[in-house]
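Okay, so here's the structure we're looking at.
The values are calculated or read from the model by the stated rules, or taken from the named source; none is laboratory data. Every value quoted in this text rests on a predicted model; they were computed, and no experiment measured them. Counting neighbours? That spans all protein chains shown, and the Cβs are built from the backbone with ideal geometry, glycine included.
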Amino acid sequence: MSIMEIQKVRYSYDNKRNVLNGISTALDEGKMYAILGQSGCGKTTLLSLLGGLDSPLDGQILYDGQDIEKIGLANHRKKNVAFIFQSYNLIDYLTPKENVALTAKLSPQPILERVGLTEEESKRNVLKLSGGQQQRVAIARALASDAKVILADEPTGNLDEDTATEIISILKECAHQMKKCVVIVTHSNELAKQADTVFCLKKGRLQQL
Amino acid sequence: MSTWKRAFLYVIRKKVKTVLLFCVLLAMSTFILTGLSIYKATDDSALSLRRSVGGSIRLELDESNGANWQYQQAAGGMMVEYVGTPITDKDIQKIMSIDGVKAYNGIGDGSVYAKDFDFISGFSFGEGSDYSRLPSVTNSEYFNFFTRKAFQLIEGRHIKEDDDHAVLISSAVAEKNNLKLGDTITVQCCYDSGDYPDVKLTVVGIYEYKEDTDSFQTTSTDKRNRLIIDHKAMQEIMQRDEIQYDNGIDFYVDDPREIDRIAKEIKNLDLDWNCFSLTVDNSAYEAVAASLTSMQSLIVWLIVGCIVVSVCILILILSMWIKQRRYETGILLSIGITKSKIVFQYIVEVLLIAVVAFGLSYFTSSLISQGVSDLIFNQVAESQPIPEIELPDDGSEYLDITGQYIPYDTSNMEMVESVEVKVIPNHLLYIYVFGVFLVVLSVSAASITVIQMKPKKILSQMD
Ligand SMILES: Nc1ncnc2c1ncn2[C@@H]1O[C@H](COP(=O)(O)OP(=O)(O)OP(=O)(O)O)[C@@H](O)[C@H]1O
Ligand SMILES: [Mg+2]
């Protein structure tokens, strides 16, 4: 069974123009999904609905077969999903280790090493890490939460090509080896090719490529 | 990671903010603590001032009820005789047993010629006018002339309840007749209805009285001629079997603030209220208490002002800082930490700093409170008129031997010029309890931006 299901989801900010217009799809564990689309087409909106930051106007979103409204949005955010943002979103007064420990269900250090941070780096001030390193910390935090679904909104948007490739491969590893369900929003066709399934969001509808 | 640990790390790592907030909280608690200790000090000194000026309630024979008085034709003119219920020692005991009554002074009345010494002579109406009226007292320390500081005991001691034929004389009479403590003087009642013996009195004390500026004085109205004696001496002089409190009894209270309550309780006692009347005298306290009262209300306003200003500053700073933390708040919300926990973290952060700042304010406030108190006191004292007590304008002050209408001699009165301020640990406790309340209030008010934050805006606002 799919870990997440989207059923006929409609969403609009102003009730005039539908950003999302009846979207349905299913997402599985152990797979990486990429969502492509023009700026302003609603990618971030879709991701925030998946992550329980807001509710769709029509339709429903299921996690493990259960409506996330029933699970409770805050509870859903806390237990089932983890976000990774373009701007890394680390807390500046905490070290990488402590940032990962924020969601700690698992011990931070092995996870940080797994995404490629040395022990010294994981005790530094987060602002003294490179962009790539900061995004690794964010990924480590997502992993540490033990959530099954990782939602990444343009996780490589601020990174150079090589680093972006590395980050994507780490996320791919998360999907394939750690059996997470990873959803990545990106503008890069190159990176999207790394995904198992690629969607394109256009005029409020989702097309599988 | 627990909320406590996050708060602790924030406080430790954001040093500039921590130091700034520490200073604000330290200043705030120092001012409030200083205010509290000055308030307490003025409260204490108000109490001791109230105790020292005292207040009295006079129980006397009711002159307005004609049924109690009988007029008779006598040799020198009309004689007035009291025929109502006399005030007895039993009545006195009943009143003394009321809570807050500390002492009493019964006053008898008589008039005597000086047999072996001279009064200070005043205007004479003719032969035989060189007499003086004299009061007998239970306890001269509580005699109105002394409590109102018109008389000052400069030598010897006061007359006590068990004295027998003791007398206090003025320094003027002592000087004129070359009298010292231990000397005896002889007096005789000057009434012409009956035979009165010579009575010997021993000088036990000498009082001073500033000469009246009023030039028109007869011998008997000149207060320097008052001989203050005990009741036993009066019984012999007037040839009476019982002590008569012709001029009533003054009851002294511990704390003049209680005086109305006590007067009410006396009124409720089973006494013959057809014959007695009760007068409350609280004027001295009211006159001197003014500077302390205005000091206290000034301080209350200062404390309230401090609290309002510091809460405003606190809310202002904190809401600015919390607004700057939207980004962090968004992150915490996105990983499923609830708003209430986030606000709780902010509260804990401020409390961690506050606990230290409040503790230190004990020392800073100990350093400044005395100085601040003196400063405020000077301000208040400058704007305060010298206390004055109004006199009845019916001229009765010239006649009254009981001292009822003696003006309070304010120059001899102890005015409160400063109070000794001490910061006590109890106040620190108030600061902690109240301070924690204020901090929680301020942080909650400042966190409105967080509480209003909608999760759906997190992603779009942060990118
Ligand atoms: N809070 C909001 N209130 C009103 N309209 C909004 C809000 N957030 C987004 N929109 C609008 O909804 C549409 C979809 O926005 P969304 O952020 O999902 O696009 P996106 O695909 O993520 O774009 P980008 O690639 O630039 O990040 C846009 O037209 C945007 O202007
Ligand atoms: Mg977007």
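The table that follows gives values for the structure above.
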| item | result |
| --- | --- |
| Hits in the stretch B:336-348 (condition: in a loop (DSSP other than H, G, I, E, B) and buried (at least 20 other Cβ atoms within 10 Å of the Cβ)) | B:Gly336, B:Ile337 |
| Subset of the stretch A:96-110 (residues that are touching a helix residue (DSSP H, G or I) at 6+ places or on another chain (Cβ under 6 Å) and either surrounded by fewer than 22 Cβ atoms within 10 Å (Cβ to Cβ) or not in a loop (DSSP other than H, G, I, E, B) (or both)) | A:Pro96, A:Lys97, A:Asn99, A:Val100, A:Ala101, A:Ala104, A:Leu106, A:Pro108 |
| Residue in the stretch A:123-176 that is nearest to ligand 1 (Cβ to nearest atom), counting only those that are in a helix (DSSP H, G or I) and of a type in the set (S, T, N, Q) | A:Gln135 |
| Residue count, the stretch A:15-48 (criterion: more than 14 Å from every other protein chain (Cβ to nearest Cβ), more than 18 Å from A:Leu62 (Cα to Cα) and assigned to a loop (DSSP other than H, G, I, E, B)) | 6 |
| Residue within the stretch A:53-64 that is within 16 Å of ligand 1 (Cβ to nearest atom), under 28 Å from B:Trp4 (Cα atoms) and either more than 10 Å from every other protein chain (Cβ to nearest Cβ) or not β-branched (Val, Ile, Thr) (or both) present | yes |
| Answer residue from the stretch A:51-90, given it is polar (S, T, N, Q) and under 17 Å from B:Ile337 (Cβ atoms) and is farthest from the chain's Cα centre (by Cα) among those | A:Asn75 |
| Subset tally (residues that are within 16 Å of ligand 2 (Cβ to nearest atom) and surrounded by 24 or more Cβ atoms within 10 Å (Cβ to Cβ)) for the stretch A:134-158 | 5 |
| Single match in A:Tyr33, A:Tyr11 (criterion: within 16 Å of ligand 1 (Cβ to nearest atom), of a type outside the set (D, E, K, R) and farther than 24 Å from A:Lys172 by Cα) | A:Tyr11 |
| Selected residue (only one of A:Lys31, A:Lys79 is away from ligand 2 (no atom under 16 Å from the Cβ) and more than 16 Å from B:Ile335 (Cα to Cα)) | A:Lys31 |
| Single condition B:Val433 does not satisfy, out of (1) part of a helix (DSSP H, G or I); (2) more than 16 Å from ligand 1 (Cβ to nearest atom); (3) at pLDDT below 65 | (3) |
| Test: residue in the stretch B:324-333 that is more than 14 Å from chain A (Cβ to nearest Cβ) and assigned to a helix (DSSP H, G or I) | no |
| Residue in the stretch B:74-96 that is at pLDDT 90 or above, over 30 Å from B:Asp374 (Cα atoms) and of a type in the set (Lys, Arg) present | yes |
| Residues being closer than 24 Å to B:Gly330 by Cβ and free of Cβ contacts under 8 Å to residues at least 60 places away in the same chain - total across the stretch A:40-66 | 11 |
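So that you can scan it fast, the table gives a plain yes or no per residue for (1) in contact with a helix residue (DSSP H, G or I) (Cβ under 7 Å, 6 or more places away or on another chain); (2) assigned to a loop (DSSP other than H, G, I, E, B); (3) touching a residue at least 60 places away in the same chain (Cβ under 8 Å); (4) of a type in the set (D, E, K, R):
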{"position": "B:Lys17", "(1), (2), (3), (4)": "yes, no, yes, yes"}
{"position": "B:Ala46", "(1), (2), (3), (4)": "yes, no, yes, no"}
{"position": "B:Ile98", "(1), (2), (3), (4)": "yes, yes, yes, no"}
{"position": "B:Ala103", "(1), (2), (3), (4)": "yes, no, yes, no"}
